[in-house]
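Asks: Pasting a structure below so you can have a look.
The values are calculated or read from the model by the stated rules, or taken from the named source; none is laboratory data. Model, not experiment: these values are computed from the prediction. Counting neighbours? That spans all protein chains shown, and the Cβs are built from the backbone with ideal geometry, glycine included.
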Amino acid sequence: MKMIDLILAKRSGGSHSREQIQFLVDGIMDGSIPDYQLSAWLMAVCWQGMNMEETAFLTDAMCHSGQVLDLSELGSVVGDKHSTGGVGDKTTLVFVPLLAAAGIPMAKLSGRGLGHTGGTIDKLEAIPGFQVDLSTADFIKQVKGIGMAIGGQTAELAPADGKIYALRDVTGTVESIPLISASVMSKKLAAGANLIILDVKCGKGAFMETEEKAKELAATMASVGRILKRPVLAVVTDMEQPLGYAVGHTVEVIEAIETLKGRGPEDLHELCMELGGLALLEAGKAKTKEEAEAKLKELISSGKALQTFAKLIEAQGGDSKVLEDYSLMPTAKLKREFLVPGEASDNKWIAHIDGRKIAEAAKVMGAGRTKKGDPIDLSVGLVLKGKCGDKLKGGEAAAIVYCNDEKQFEAACAKLSEAFTFSDKEIAKPSLIKATVK
Ligand code: URA
């Protein structure tokens, strides 16, 4: 078999056999396929696509390119959740303890942030002492012991993805549905869970800018799951504006804790109910969507979900006193307001909040990375004072900016003024959940 033949076949719209895909992934791993040939093949896939079987073969081969966790000793249902990346997305921090409290073991491996979105692992480090670097043995032991763990994803899981992604990033081949599907699903499958819950974001703040593309991605990942016999539930959600109000690290952890206390933003709560409801139904923990939602709400109102988060924090070396005392987390020196333009008598509806610009506002203050390994400031961030469709007055705060000096505030304001679009007329609130795919 020769790589040139695979490139030529894909360039002219042909499809590959399982053996050919295995040859490709083996060649990536042993270095016998040079980057220039892999790049040419990736570009051919971008133009010609892959059918569902090929995508599943690629996913499976990438999944088995490294360690595959065996979580079978944890029971017949072990949940994992993944979001394709969104601004202000702190869902995992709520979802993992909530589902663990509902009796579904949650084994969640997360990444650090790169680009315009922050990573769950970075956010968790705002909790003093919280350890994200768990060995595989400790990760499994913890899920066995307390029903949940959130660990940092290691390079040992689906290492072929790391190699392919590094090339995709520099060859303009990231935006390919089969390649994204194989990248996400190979890591999820290698992480061992058998109830995979995916949140596919669509809109300006997301990888998939249109709802149509996001639905296609969700359906592809669900099909790959079906072919490889691992149930996948996927929800397509709006990312035309950030999720919740907080964007940053400490501020997002606070918002997640508030959500577990039943005082969080409506959209984040709605998303957790939707994803959680689907998971409970799939795991046989509820018979109807209504019953599932009632169970999840009870776990929040009774404080059980919050207590479960405390258990998670303590098991991973963190200080659970943060749940009551937010000042224990890194805190910015200054709190400033970004104002709505116009006079106090003006009614201004928020027409749009560009998630990417909001993330950039946090990044210019030090909350984001430009390259892997860059240090980040967990204390800075911002909290929106309204979402699309909300009415504010001229001169009122549109966002609270948590920064460490005036220069940071000015840099953030420059981005925020590009992020917000206001209207003099009433604007309808957008819906969050666009579709559910199984
Ligand atoms: N997230 C991934 O893990 N892989 C992609 O290709 C895109 C988003």
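For (1) in contact (Cβ under 8 Å) with a residue 40 or more places away in the chain; (2) of a type outside the set (D, E, K, R); (3) under 30 Å from Gly355 (Cα atoms); (4) touching a helix residue (DSSP H, G or I) at 6+ places or on another chain (Cβ under 7 Å), each residue gets a yes or a no:
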{"site": "Cys46", "(1), (2), (3), (4)": "yes, yes, yes, no"}
{"site": "Leu98", "(1), (2), (3), (4)": "yes, yes, yes, yes"}
{"site": "Ala107", "(1), (2), (3), (4)": "yes, yes, yes, yes"}
{"site": "Asp122", "(1), (2), (3), (4)": "yes, no, yes, no"}
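Asks: Something else about it: Residues to consider are Val247, Val235, Val253; find the one that is at negative phi and in contact with a Ser or Thr (Cβ under 6 Å, 6 or more places away or on another chain). Steps first, answer last, please.
Replies: Details: Val247 fails: in contact with a Ser or Thr (Cβ under 6 Å, 6 or more places away or on another chain); Val253 fails: in contact with a Ser or Thr (Cβ under 6 Å, 6 or more places away or on another chain).
Testing whether each residue is at negative phi and in contact with a Ser or Thr (Cβ under 6 Å, 6 or more places away or on another chain) leaves just Val235.
Asks: Output the number of residues of the range 61-86 satisfying the condition of being assigned to a helix (DSSP H, G or I) and more than 16 Å from the ligand (Cβ to nearest atom).
Replies: Restricting attention to the range 61-86, the residues satisfying the condition of being assigned to a helix (DSSP H, G or I) are 61-63, 72-74.
Among the residues that remain, those that are also more than 16 Å from the ligand (Cβ to nearest atom) are: 72-74.
Total meeting the criteria: 3.
Asks: Could you figure out which of (1) surrounded by 24 or more Cβ atoms within 10 Å (Cβ to Cβ); (2) among the small types (Gly, Ala, Ser); (3) on the phi < 0 side of the Ramachandran plot isn't true of Gly147?
Replies: Single failed check for Gly147: (3).
Asks: So if I check each of Ala61, Ala44, Ala40, which one is buried (at least 22 other Cβ atoms within 10 Å of the Cβ), not assigned by TED's automatic domain parsing to the domain that holds Thr173 and not charged (D, E, K, R)? Step through it out loud before you land on a result.
Replies: Working: Ala44 fails: buried (at least 22 other Cβ atoms within 10 Å of the Cβ); Ala40 fails: buried (at least 22 other Cβ atoms within 10 Å of the Cβ).
Being buried (at least 22 other Cβ atoms within 10 Å of the Cβ), not assigned by TED's automatic domain parsing to the domain that holds Thr173 and not charged (D, E, K, R) holds for just one of Ala61, Ala44, Ala40, which is Ala61.
Asks: Go through the range 107-203 and tell me which helices (runs of 4 or more DSSP H), entirely inside it, have 3 or more residues that are within 13 Å of the ligand (Cβ to nearest atom).
Replies: On the way: elements: 120-124, 136-146, 159-171, 177-190.
Once the helices (runs of 4 or more DSSP H) in the range 107-203 are filtered for at least 3 residues that are within 13 Å of the ligand (Cβ to nearest atom), what remains is 159-171, 177-190.
Asks: Being closer than 25 Å to Val87 by Cβ, more than 13 Å from the ligand (Cβ to nearest atom) and buried (at least 19 other Cβ atoms within 10 Å of the Cβ) is the requirement here; does Ala234 meet it? Outline the logic, then answer.
Replies: Working: closer than 25 Å to Val87 by Cβ: yes; more than 13 Å from the ligand (Cβ to nearest atom): yes; buried (at least 19 other Cβ atoms within 10 Å of the Cβ): yes.
Here the answer is yes, as Ala234 does meet what is asked.
Asks: State all residues of the range 204-217 that are within 13 Å of the ligand (Cβ to nearest atom) and either within 19 Å of Leu278 (Cα to Cα) or among the hydrophobic types (A, V, I, L, M, F, W, C) (or both); if no residue qualifies, say none.
Replies: Within the range 204-217, the subset within 13 Å of the ligand (Cβ to nearest atom) is 206-208, 213-214, 217.
If the condition is that a residue be within 13 Å of the ligand (Cβ to nearest atom) and either within 19 Å of Leu278 (Cα to Cα) or among the hydrophobic types (A, V, I, L, M, F, W, C) (or both), then Ala206, Phe207, Met208, Ala214, Leu217 are the ones that fit.
Asks: Could you run through the range 41-77 and say how many residues are within 30 Å of Leu268 (Cβ to Cβ) and either modelled with pLDDT of 95 or more or not hydrophobic (A, V, I, L, M, F, W, C) (or both)? Can you show your working first?
Replies: If we filter the range 41-77 for residues that are within 30 Å of Leu268 (Cβ to Cβ), which is where we start, we get 59, 69, 71, 74-77.
Applying the additional criterion that residues be either modelled with pLDDT of 95 or more or not hydrophobic (A, V, I, L, M, F, W, C) (or both) yields 59, 75-76.
Number satisfying all stated conditions: 3.
Asks: Oh, and also: Could you tell me whether Gly355 is outside the structural domain of Thr250 (by TED's automatic domain parsing) and at positive phi? Break it down stepwise before answering.
Replies: On the way: outside the structural domain of Thr250 (by TED's automatic domain parsing): yes; at positive phi: no.
Considered against the rule, which asks whether it is outside the structural domain of Thr250 (by TED's automatic domain parsing) and at positive phi, Gly355 comes out as no.
Asks: Quick check on Gly152: is it in contact with a Gly (Cβ under 8 Å, 6 or more places away or on another chain) and on the phi > 0 side of the Ramachandran plot? Break it down stepwise before answering.
Replies: Details: in contact with a Gly (Cβ under 8 Å, 6 or more places away or on another chain): yes; on the phi > 0 side of the Ramachandran plot: no.
So Gly152 does not fit the description; no.
Asks: Right, here's the next one. Determine which member of the set Ile4, Ile28 is surrounded by fewer than 15 Cβ atoms within 10 Å (Cβ to Cβ) and on the phi < 0 side of the Ramachandran plot. Explain how you work it out, then say what you get.
Replies: Values: Ile28 fails: surrounded by fewer than 15 Cβ atoms within 10 Å (Cβ to Cβ).
On inspection, the qualifying residue turns out to be Ile4.
Asks: Considering only residues that are farther than 17 Å from Leu58 by Cβ and under 18 Å from the mean Cα position of the chain (by Cα), which ones fall in the range 206-230? Before the answer, list the steps.
Replies: Let us first name the residues in the range 206-230 that are farther than 17 Å from Leu58 by Cβ, namely 206-215, 218.
Correct list: Ala206, Phe207, Met208, Glu209, Thr210, Glu211, Lys213, Ala214, Lys215, Ala218.
Asks: Also, I was wondering about something else. Out of (1) modelled with pLDDT of 95 or more; (2) in a helix (DSSP H, G or I); (3) of a type in the set (Val, Ile, Thr); (4) within 11 Å of the ligand (Cβ to nearest atom), the odd one out for Thr220 is which?
Replies: Answer for Thr220: the failing condition is (4).
Asks: OK, next. Kindly check whether there is at least one residue in the range 5-19 that is among the polar types (S, T, N, Q) and assigned to a helix (DSSP H, G or I). Quick ask: steps written out before the conclusion?
Replies: Looking only at the range 5-19, we keep the residues that are among the polar types (S, T, N, Q), and these are 12, 15, 17.
Checking the rest, the ones that are also assigned to a helix (DSSP H, G or I) come to none.
Scanning the range 5-19 turns up no residue that is among the polar types (S, T, N, Q) and assigned to a helix (DSSP H, G or I).
Asks: Of everything in the range 213-270, what is of a type in the set (D, E, K, R) and within 15 Å of Leu432 (Cα to Cα)? Give them in sequence order. So that I can check it myself, show each step before the final result.
Replies: Step one: of the range 213-270, the residues of a type in the set (D, E, K, R) are 213, 215-216, 226, 229-230, 238, 240, 252, 255, 258, 261, 263, 266-267, 270.
Scanning the range 213-270 gives Lys215, Asp238, Glu240, Glu266, Asp267, Glu270.
Asks: Within the range 386-415, track down each residue that is farther than 16 Å from Trp349 by Cα, surrounded by 15 or more Cβ atoms within 10 Å (Cβ to Cβ) and of a type in the set (A, V, I, L, M, F, W, C).
Replies: Residues of the range 386-415 farther than 16 Å from Trp349 by Cα: 400-415.
Next, from what is left, pick out any that are surrounded by 15 or more Cβ atoms within 10 Å (Cβ to Cβ): 400-404, 408-409, 411-413, 415.
Within the range 386-415, Ile400, Val401, Cys403, Phe409, Ala411, Ala412, Cys413 qualify.
Asks: In this structure, is Ala206 among the hydrophobic types (A, V, I, L, M, F, W, C), on the phi < 0 side of the Ramachandran plot, touching a helix residue (DSSP H, G or I) at 6+ places or on another chain (Cβ under 9 Å) and part of a loop (DSSP other than H, G, I, E, B)?
Replies: Working: among the hydrophobic types (A, V, I, L, M, F, W, C): yes; on the phi < 0 side of the Ramachandran plot: yes; touching a helix residue (DSSP H, G or I) at 6+ places or on another chain (Cβ under 9 Å): yes; part of a loop (DSSP other than H, G, I, E, B): yes.
In short, yes.
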